[in-house]
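Novice: Pasting a structure below so you can have a look.
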Amino acid sequence: MTEKMTGITEKQNKFGFVVRPDANKLEIKKEVEQLYNVTVLDVNTCIYAGKNKSRYTRAGLIKGRTNRFKKAIVTIAEGETIDFYSNID
């Protein structure tokens, strides 16, 4: 839930999910429809590459890498919505 994704959700009725890298659009559509009881009109996916990171500490230079992941942006039917905060106590 980023600021950018919240803006897209409010204006265009699109929701973002981090999904398994091997999941295809049909599988993503089926899962979202089952989990949230909505009608999915469109699914767009993008794969983000991991990035090299380094930082200087007292112990010296530490190098690492961020994980790669796949993101799906799902467009749902007009008038329907997904409430992510309903199950938080």
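Novice: Report yes if Glu3 is open to solvent by 90 Å² or more (accessible area, probe 1.4 Å) and at pLDDT below 95, otherwise no.
Specialist: yes
Novice: Could you tell me whether the range 30-41 includes any residue that is open to solvent by less than 40 Å² (accessible area, probe 1.4 Å), touching a residue at least 12 places away in the same chain (Cβ under 8 Å) and not β-branched (Val, Ile, Thr)?
Specialist: No - not one qualifying residue is present in the range 30-41.
Novice: Residues in the range 55-85 that are part of a strand (DSSP E or B) and either out of contact with any strand residue (DSSP E or B) (no Cβ under 9 Å at 6 or more places or on another chain) or under 27 Å from Tyr36 (Cα atoms) (or both): how many?
Specialist: Of the residues in the range 55-85, 10 are part of a strand (DSSP E or B) and either out of contact with any strand residue (DSSP E or B) (no Cβ under 9 Å at 6 or more places or on another chain) or under 27 Å from Tyr36 (Cα atoms) (or both).
Novice: Given (1) in contact with a Gly (Cβ under 9 Å, 6 or more places away or on another chain); (2) among the hydroxyl-bearing types (Ser, Thr, Tyr); (3) part of a loop (DSSP other than H, G, I, E, B), where does Thr9 come up short, assuming only one miss?
Specialist: (3)
Novice: Condition check: under 14 Å from the mean Cα position of the chain (by Cα), in contact (Cβ under 8 Å) with a residue 40 or more places away in the chain and loosely packed, with under 11 Cβ neighbours inside 10 Å. Does Val18 satisfy that?
Specialist: yes
Novice: While we're here: In the range 42-84, which residues are open to solvent by 60 Å² or more (accessible area, probe 1.4 Å) and small (Gly, Ala, Ser)?
Specialist: Ala49, Ser54, Ala59, Gly79
Novice: Which count do you get for residues in the range 3-49 that are among the hydroxyl-bearing types (Ser, Thr, Tyr) and either touching a Pro at 6+ places or on another chain (Cβ under 8 Å) or closer than 15 Å to Asp83 by Cα (or both)?
Specialist: Total meeting the criteria: 4.
Novice: Also: Provide a single number: the residues in the range 12-49 that are within 15 Å of Lys71 (Cβ to Cβ) and not in a helix (DSSP H, G or I).
Specialist: 19
The values are calculated or read from the model by the stated rules, or taken from the named source; none is laboratory data. Predicted, not measured: the structure shown is a model, and the values here were computed from it. In this analysis, Cβ positions are derived from the backbone assuming ideal geometry, glycine residues included, and neighbour counts consider all displayed protein chains. Quick note on the areas: whole protein, heavy atoms, side chains included, nothing else; ligands and nucleic acids left out. Shrake-Rupley method; radii C 1.70, N 1.55, O 1.52, S 1.80 Å.
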